[in-house]
Amino acid sequence: MQEEQILADWILTAELGQAGAEGLPEAAERASQKLGQLLTNLVTEVGSQALFARALQAARVEHPFLAGVQTGTAPGVGLEGICASLRGAAPDVARQGIEVLFANLIGLLLVFLGEDLTRHLLGRMWDALPAELGPDQQEA
């Protein structure tokens, strides 16, 4: 499993907390808002929208149910329509789709910012972000 996939899964799991699959839409919304705030502060609202749009476009190829999701129009808003789109999909498919979307976004950050800065920035939004990937996570 790639680092961006591991981090996307970890972020979504952290946002889900004790909620089951029924809490996925709200967890994805919260993660999207946090990522939107982070990116808007880092690369401006327009830059944030561009990164989200690229990640979303790539995710829609494999997960067409994401067609109803759009980049946020208000400052710091990551994605809009995420709850409605996820509620219309099977729970396992919805989770996979949102993980692919977040992994695409994290992958862009890794390319543009590098691993250390990306992990630092994500760690500011999620305190318990794994500091390093263990051998079992890297080979998963």
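When residues of the range 38-57 are filtered for being buried (at least 17 other Cβ atoms within 10 Å of the Cβ) and of a type in the set (A, V, I, L, M, F, W, C), how many remain? Matching residues across the range 38-57 total 6.
The set of residues in the range 24-45 being modelled with pLDDT under 90 and farther than 16 Å from Leu109 by Cβ consists of Glu45 alone.
The residue that is surrounded by the most Cβ atoms within 10 Å (Cβ to Cβ), among those in the range 1-37 that are β-branched (Val, Ile, Thr) and in contact (Cβ under 8 Å) with a residue 12 or more places away in the chain, is Ile11. Per the listing Ala50, Ala59, the residue uniquely at pLDDT below 95 and either small (Gly, Ala, Ser) or not in a helix (DSSP H, G or I) (or both) is Ala50. Kindly provide the set of residues from the range 69-81 that are among the small types (Gly, Ala, Ser) and buried (at least 16 other Cβ atoms within 10 Å of the Cβ), ordered by number. Those that are among the small types (Gly, Ala, Ser) and buried (at least 16 other Cβ atoms within 10 Å of the Cβ): Gly72, Gly76, Gly78.
The values are calculated or read from the model by the stated rules, or taken from the named source; none is laboratory data. The model shown is predicted, which means the values in this text are computed figures rather than measured ones. Reconstructed Cβ throughout: ideal geometry from the backbone, glycine too, with neighbour counts over all protein chains shown.
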